[in-house]
Amino acid sequence: MYFAALLARTEDGWEASDTELDDVETLSDLTDLAHEASVDEDTVLVFIEQEDAWFGLVRVEGEDDPRIFVSDAAAAARSSYGEILTKELLGGSADDDDDLDSLDLDGTEEGEPVRADNDEEDETSASAESVPPGPAGDREILADLGMTVRDLLALESDALGEIADALGAAEMLETVR
């Protein structure tokens, strides 16, 4: 079960809204959601949490590239929404499947072994196994907003509540939970 929320920083403080991730398939989709919540291209934080397994943050400011942090990359890579974030963090792209230039004539990517038709191994789980456990991404994603790297890395249960509390947006986040 996922929980996702957007926190948009405005002149009056933080505004929170829950968000549905049903139509999110790429980091671009997630960034577009953040832009829609933004007032005057202010800071928007996207929170994604899968129970107590992992949480992720995406920070969007204006036209800058999104900044991403994931609490446990290996756990996130095994989930659909976390995979979007970990692919970006580990140098892959959610759009890699559409890159026709890297395909060989047999339909495999360059350097990829040809798979037997009866090989039922899930590609997602194979790529998730190669993701290192532990935090990944921009550890200073919240440093200028009141949460130190040390505090961010120490978060365990109710991480999003603690983050919102540090940002002064706990009440806002609780209204959308």
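Read the figures in this text as sums done on the coordinates, not as results from a lab. Note that this is a predicted model, so its numbers are computed, not measured. Cβ atoms come from the backbone with ideal geometry, glycine included; neighbour counts cover every protein chain shown.
State, to one decimal in nm, how far the label point of ASP32 lies from the label point of THR148, with both points 7 Å from Cα in the Cβ direction.
4.1 nm
ILE141: net charge of surrounding residues, Cβ under 13 Å, Lys/Arg +1, Asp/Glu -1, itself excluded?
-4
Convert each backbone phi in segment 6-12 into a coupling constant with the Karplus relation 6.51 cos²θ - 1.76 cosθ + 1.60 (shift: θ = phi - 60°), then list the ³J(HN,Hα) values in order as whole Hz, x for Gly and Pro.
Those phi angles translate into 10, 10, 10, 7, 10, 4, 8 Hz.
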